[in-house]
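Comments concern the structure below.
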Amino acid sequence: QVYLAESGGGLVQPGGSLRLSCVPSISVFIFNAMGWYRQAPGKQREFVAGFYKNESTNYEDSVKGRFSISRGDGDNTVYLQMNSLKPDDTGVYYCFANWAGGYYWGQGSQVTVSS
């Protein structure tokens with residue numbers, strides 16, 4: 001069984017920054033992809049960012065230029081750095097990992113952007 005432990009959510013003012021972390025129970029190098037989805041109240045879960053085995057990245061259009069996903073150096077962690085946060089970024093952020101045809105999910109981190 002694969003577990004993903006998330007941390008780093010919170011309350012921030014518009015224009016502020018947060019960094020989410022996702023630590024899997026096995027090596028990050030095993031996965032074909034890791035990243036985040038988010039779900040705002042009353043909306044469907046949507047893709048936010050992905051980090052792939054070939055070290056390429058992909059972002060949802062509304063976060064391009066503001067969010068950055070990376071794999072840590074030796075700490076078995078994937079990070080999502082979120083800058084210039086907007087109220088529309090509010091939601092529960094779920095870390096995901098794709099491996100052997102399956103998807104695994106973290107417990108979710110609440111991100112609230114409000115003044």
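Miscellaneous remarks
- Contact map, region 12-38: first residue free of Cβ contacts under 8 Å to residues at least 60 places away in the same chain and over 19 Å from residue 109 (Cβ atoms), second residue in a loop (DSSP other than H, G, I, E, B) and of a type outside the set (S, T, N, Q), Cβ cut-off under 8 Å, separation 6 or more or different chains; pairs are 26/2; 29/53.
- Which listed residue is modelled with pLDDT of 95 or more and open to solvent by less than 10 Å² (accessible area, probe 1.4 Å), from 48, 92, 23: 48
- Top-ranked residue of region 47-62 - restricted to ones that are out of contact with any strand residue (DSSP E or B) (no Cβ under 6 Å at 6 or more places or on another chain) and outside any loop (DSSP other than H, G, I, E, B), ranked as nearest to residue 102 (Cα to Cα): 61
- Given (1) open to solvent by 20 Å² or more (accessible area, probe 1.4 Å); (2) within 15 Å of the chain's Cα centre (by Cα); (3) without any contact (Cβ under 8 Å) to a residue 60 or more places away in the chain, number of the condition residue 43 does not satisfy: (2)
- A search for C-beta distances below 6 Å between a residue of region 56-68 that is within 15 Å of residue 78 (Cα to Cα) and any residue that is among the polar types (S, T, N, Q) and open to solvent by 50 Å² or more (accessible area, probe 1.4 Å), counting only pairs 6+ apart in sequence or on different chains, returns 68/81.
The values are calculated or read from the model by the stated rules, or taken from the named source; none is laboratory data. In this text the structure is predicted, and so the values were computed from the model without any measurement. Here the Cβ is made from the backbone with ideal geometry for all residues, glycine too, and neighbour counts use every protein chain on show. To get the accessible areas, we keep the full protein, side chains included, count just its heavy atoms, and leave off ligands, DNA and RNA. Shrake-Rupley method; radii C 1.70, N 1.55, O 1.52, S 1.80 Å.
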